Amino acid sequence: MRIVLVGPPGAGKGTQAQYIAANLSIPAVSTGDIFRANVSQGTPLGREAKTYMDAGNLVPDEVTIGMVRERLAQPDVAGGFLLDGFPRNTAQAKVLDEILAENDTELDVVLELKVDDSEIIQRISGRRQCRANGHVCHILTDAPKVAGICDECGSELYQRDDDREETVRHRLDVYKEQTEPLVGYYSERNLLLPIQATGPVKEVTERAMTALR
Ligand code: ADP
Ligand code: ADP
Ligand code: ADP
């Protein structure tokens, strides 16, 4: 299956991507994780992306699209994938269609994770991630067994630079202006599958898996 996950920052895309991809035995591809890995390794791509990310803005399309094009040319995604964080505007969505058409394939479904703004701020302010693998948890709702250490892999947890409250509010505005129009774009093409993304993580995964079947 070729799936796109869409939803505001903090909707649980990264969290659900892990479980859904494992359930379907397809790789999850997160543009945010790829950017963060490049930033921490200090690559030219990372240096280019960092200022935009820290400000809560989208990295320019030409940079992002080049990176995604390369990633989608890898053999592991030829049989299917779950895209988390891409596309984030209609220009990117059109390029994604083109990339897939070049390979004689197309998207199967766009899963929309719906969460209210009030819950988003609470989720993101407690979010912690591990540097090694980008595993996500929450200091209150999904607390690690040992503070500061990732349950999944034992590596150190940190708070993202762009998870400060004022940056989060700006990212929500960016989502509404630039990314939310994708909901209409995909709905018109009958690809949209909206699900309520509140409640326990496991229940959201079950809701997603039921909707995908
Ligand atoms: P979240 O999980 O909070 O929605 P991500 O980890 O997906 O955030 O993205 C973090 C940042 O990386 C974004 O704010 C943006 O600067 C950059 N980014 C990720 N994906 C894209 C994309 N498709 N286009 C442009 N910028 C992106
Ligand atoms: P190639 O060596 O030509 O890139 P791969 O071994 O990567 O081929 O992929 C095998 C098949 O899957 C090819 O027919 C290719 O067109 C197709 N394919 C490769 N990448 C993707 C992708 N991201 N999405 C859809 N189909 C792909
Ligand atoms: P996104 O990738 O959409 O930005 P994340 O998957 O990183 O979202 O989740 C944001 C924060 O919310 C994390 O701290 C995560 O642990 C937490 N979270 C994810 N799903 C839920 C849920 N169903 N209920 C409560 N908290 C959640």
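Readers should treat all values here as calculations from the given coordinates under stated rules, not as data from a laboratory. Keep in mind that this is a model prediction, so the values were computed, not measured. Note that we place each Cβ from the backbone using ideal geometry, even for glycine, and neighbour counts take in every protein chain shown.
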- Message: Can you tell me which of (1) touching a residue at least 40 places away in the same chain (Cβ under 8 Å); (2) closer than 21 Å to residue 33 by Cβ; (3) away from ligand 1 (no atom under 14 Å from the Cβ) is the one residue 144 doesn't meet?
- Response: (1)
- Do we have any residue at all in the range 171-187 that's loosely packed, with under 14 Cβ neighbours inside 10 Å and hydrophobic (A, V, I, L, M, F, W, C)? no
- Take residue 208 and decide whether it is surrounded by 15 or more Cβ atoms within 10 Å (Cβ to Cβ), touching a strand residue (DSSP E or B) at 6+ places or on another chain (Cβ under 8 Å) and not hydroxyl-bearing (Ser, Thr, Tyr). yes
- Query: Quick one: how many residues across the range 52-83 are free of Cβ contacts under 8 Å to residues at least 24 places away in the same chain and of a type in the set (Asp, Glu)?
  - Reply: 2
- The residue that is surrounded by the fewest Cβ atoms within 10 Å (Cβ to Cβ), considering only those in the range 80-116 that are within 14 Å of ligand 1 (Cβ to nearest atom) and more than 23 Å from residue 18 (Cβ to Cβ), is 94
- Query: Which one of these is of a type outside the set (A, V, I, L, M, F, W, C) and more than 9 Å from ligand 3 (Cβ to nearest atom): 10, 14, 46, 32?
  - Reply: 46
- Within the range 181-201, track down each residue that is within 25 Å of residue 18 (Cβ to Cβ), out of contact with any Phe, Trp or Tyr (no Cβ under 7 Å at 6 or more places or on another chain) and in contact (Cβ under 8 Å) with a residue 24 or more places away in the chain. 182, 183, 186, 191, 193, 194, 195, 196, 197, 198, 201
